[in-house]
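Chemist: Please see the structure below; I have some questions.
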Amino acid sequence: MNLKIINKIILVFLFIGIFIFGYYRFCPKEKIISENINKTKPAVSNSNPQNKSSVTDLKDFTTYKFKYTYTINIQGSLRSLNFKMNIPLNEAGKQYIKVTSVSEKPQKYYNTSIGQIAEYIYNDISSSKKVITFEGIAKVRTYDLETAEKYNRNDTPETNLSAYLQPEKLIESNDPYIIGIANNIHGQTQEEIIQNIYEYLQKNIKYTIVKGNLGAKQALKRRQGKCSEYSAAMVAICRAKNIPARIVIGDILREKYTEHAWVEVYFDKYGWVAFDPTHQGIHLKKYINGVLTESIIYNSKDTGLNYIALYRNEIENQPVNYTFNGQNHGSAYLIKEFSIEKL
């Protein structure tokens, strides 16, 4: 074969190799974010992913820098103290979390049914103060009904929803009182039923700071409660109507409020969709087949729209547990602080 032809072939393959190397070495930043947002350990496991986000989906996300500060004040003498810190969930289509720093390395990382946990274990400690900070970057969007309808897909349907249809502590969906309320709420579609449940709660529960967690039944009977009561009541009524629903616990991404509870309802065509029954929702008017309809979406004028989800389906979460040291009794209490910066 002619030497010139061989040289040309070698040059062609060389250019192809350089092009392939350059593409993977210098690929777009958005693609890196979407595929490798959580390289920093711990890698958060999501057992129920849905609505896998493509690169183009990220245009709907807002980026925040966040910091959690947990201060444990210890008084007296303790044999042991365990602090369990919830790691923000990493969920396709909803939020991407990148850990940037943790002030103190935990002894354990593990997954639970409600989310991922970092556990700190201290032995034989007396009056002192432990301060743990956890920082990171969050890319979030509110996956509300409006967003769900916009993307209209459920890439990974749930195969077992039975856990989100059953009664449990503080979510008494099998109680005759709650069943009676559920039987009087109707709708032609699941969206209409959810809207009517939402409006029932707005009309029949007054926001009140109550001690502890009342649960769904007491919140509905007393007609009062805070975010955990609104959320438990909505989940209980949904389950009484055979609609899968669960509670989400997290933080509102604005400085005035932090810890919050809201609700996710499962739709076959959308996956888990967020609703916030504590706040007055925005009524969205639209035409469907030429007919003007109105629905309530999760985004609320009162909430600041975005949240970081920490864990699910558990209202009473005890992050600090301790045992006494002999006859010397002590105590420990936790202060949680949360700060954000929009990037």
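The values are calculated or read from the model by the stated rules, or taken from the named source; none is laboratory data. Because the structure is predicted, anything quoted here is derived from the model rather than measured. Virtual Cβ from ideal backbone geometry, glycine too; neighbours counted across all protein chains shown.
Chemist: Report the residue count in the stretch 143-152 for those that are exposed (fewer than 13 other Cβ atoms within 10 Å of the Cβ) and touching a residue at least 24 places away in the same chain (Cβ under 8 Å).
Modeler: 1
Chemist: Would you confirm, using the coordinates I've provided, whether Asn123 is in the same structural domain as Ala274 (by TED's automatic domain parsing) and in contact (Cβ under 8 Å) with a residue 24 or more places away in the chain?
Modeler: For Asn123, the condition - in the same structural domain as Ala274 (by TED's automatic domain parsing) and in contact (Cβ under 8 Å) with a residue 24 or more places away in the chain - is not met.
Chemist: Moving to a separate point now. Are any of the residues in the stretch 109-118 under 18 Å from Thr69 (Cα atoms), surrounded by fewer than 18 Cβ atoms within 10 Å (Cβ to Cβ) and at pLDDT 90 or above?
Modeler: no
Chemist: Which of the numbered conditions does Thr69 fail, given that it passes all the others? Conditions: (1) over 30 Å from Ser331 (Cα atoms); (2) assigned by TED's automatic domain parsing to the domain that holds Ile335.
Modeler: If we test Thr69 against (1) over 30 Å from Ser331 (Cα atoms); (2) assigned by TED's automatic domain parsing to the domain that holds Ile335, just (1) comes out false.
Chemist: Go through (1) crowded, with 20+ Cβ neighbours inside 10 Å; (2) modelled with pLDDT under 95 for Tyr257 and report which single condition fails.
Modeler: Tallying (1) crowded, with 20+ Cβ neighbours inside 10 Å; (2) modelled with pLDDT under 95, Tyr257 fails exactly one: (1).
Chemist: Can you give me the number of residues within the stretch 235-268 that are closer than 16 Å to Pro167 by Cα and over 17 Å from the mean Cα position of the chain (by Cα)?
Modeler: 8
Chemist: Follow-up question, since we're still on this one. Name the residues in the stretch 158-179 that are over 17 Å from Lys203 (Cα atoms) and in a helix (DSSP H, G or I), would you? Steps first, answer last, please.
Modeler: Quick first cut of the stretch 158-179, residues over 17 Å from Lys203 (Cα atoms) only: 158-177, 179.
Listed by number, the residues that qualify are Ser162, Ala163, Tyr164, Pro176, Tyr177, Ile179.
Chemist: Next question, about the same structure. Could you check, for the stretch 314-326, whether at least one of its residues is touching a Ser or Thr at 6+ places or on another chain (Cβ under 8 Å), surrounded by fewer than 22 Cβ atoms within 10 Å (Cβ to Cβ), modelled with pLDDT under 70 and assigned by TED's automatic domain parsing to the domain that holds Lys67?
Modeler: Yes, there is a match, as at least one residue in the stretch 314-326 is touching a Ser or Thr at 6+ places or on another chain (Cβ under 8 Å), surrounded by fewer than 22 Cβ atoms within 10 Å (Cβ to Cβ), modelled with pLDDT under 70 and assigned by TED's automatic domain parsing to the domain that holds Lys67.
Chemist: Would you check which residues across the stretch 81-101 are within 17 Å of the chain's Cα centre (by Cα) and of a type in the set (Val, Ile, Thr) and list them?
Modeler: Within the stretch 81-101, Ile87, Ile97, Val99 qualify.
Chemist: Checking the structure you have, find out if any residue of the stretch 216-226 is touching a residue at least 60 places away in the same chain (Cβ under 8 Å) and either closer than 20 Å to His260 by Cβ or outside any strand (DSSP E or B) (or both).
Modeler: No: zero hits.
Chemist: What is the number of the single condition among (1) over 26 Å from Ile315 (Cα atoms); (2) in contact with a helix residue (DSSP H, G or I) (Cβ under 9 Å, 6 or more places away or on another chain); (3) of a type outside the set (Gly, Ala, Ser) that Asn123 does not meet?
Modeler: Asn123 satisfies all of (1) over 26 Å from Ile315 (Cα atoms); (2) in contact with a helix residue (DSSP H, G or I) (Cβ under 9 Å, 6 or more places away or on another chain); (3) of a type outside the set (Gly, Ala, Ser) except (2).
Chemist: OK, next. Would you call Thr142 over 20 Å from Glu314 (Cα atoms) and under 15 Å from the mean Cα position of the chain (by Cα)?
Modeler: Yes.
Chemist: Right, something else. Is it the case that the stretch 102-110 has a residue that's closer than 13 Å to Lys139 by Cα and among the aliphatic types (A, V, I, L, M)?
Modeler: No, that holds for no residue.
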